[in-house]
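The values are calculated or read from the model by the stated rules, or taken from the named source; none is laboratory data. Quick caveat, the model's predicted, so the values are computed rather than measured. Neighbour counts run over all protein chains shown; Cβ positions are idealised from the backbone, glycine included. All accessible areas refer to the heavy atoms of the entire protein, side chains included, with ligands and DNA or RNA removed. Shrake-Rupley method; radii C 1.70, N 1.55, O 1.52, S 1.80 Å.
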Amino acid sequence: MASRLVSDVKAFPEETETDPRHHMWVLTLTEQVPVGWWISVGSGHNTEVAQVDACDRADPYYVCRLATRLANPHEAGEAVTVIGELPD
C-alpha cells in the first residue's frame, strides 16, 4: 500500500542555514520511510522529490523529517511514493 499524507503541508519559504527553521520540515505519513531514502510527494504538476532525514513512529502514523525542503503546499490524503536510495 502506498503511503499518504496525514495532514496538510504548507510551502516552506526560503531560508538559510542560520535560520532556526533549517532542517525542520516535517511530514506525517501513514507508512514508514527508511532514513536516507527519497520520496515523491503529490501528483501531476505538483509532484516534488525530497530526502528523508528521520522517520519515527507516532502511533498510529509516522512523523518524518526531511533533509530537503518542499516548495509547494500539499494536502492530506496525497500519495507519497517511496523512491528508495538514489545512486551517487
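Of everything in the stretch 54-73 that is among the small types (Gly, Ala, Ser) and within 16 Å of Trp38 (Cβ to Cβ), the residue that is surrounded by the fewest Cβ atoms within 10 Å (Cβ to Cβ) is Ala71.
Residues that are assigned to a loop (DSSP other than H, G, I, E, B), more than 14 Å from Leu5 (Cβ to Cβ) and without any contact (Cβ under 8 Å) to a residue 12 or more places away in the chain within the stretch 37-65 comprise Asp59, Pro60, listed in sequence order. Can you tell me which residues in the stretch 74-88 are open to solvent by 60 Å² or more (accessible area, probe 1.4 Å) and among the aliphatic types (A, V, I, L, M)? Selection gives Val82, Ile83, Leu86. Which of the residues spanning the stretch 8-50 are of a type outside the set (A, V, I, L, M), over 12 Å from Val80 (Cα atoms), at pLDDT 90 or above and open to solvent by 30 Å² or more (accessible area, probe 1.4 Å)? Hits for the stretch 8-50 are Pro34, Trp37.
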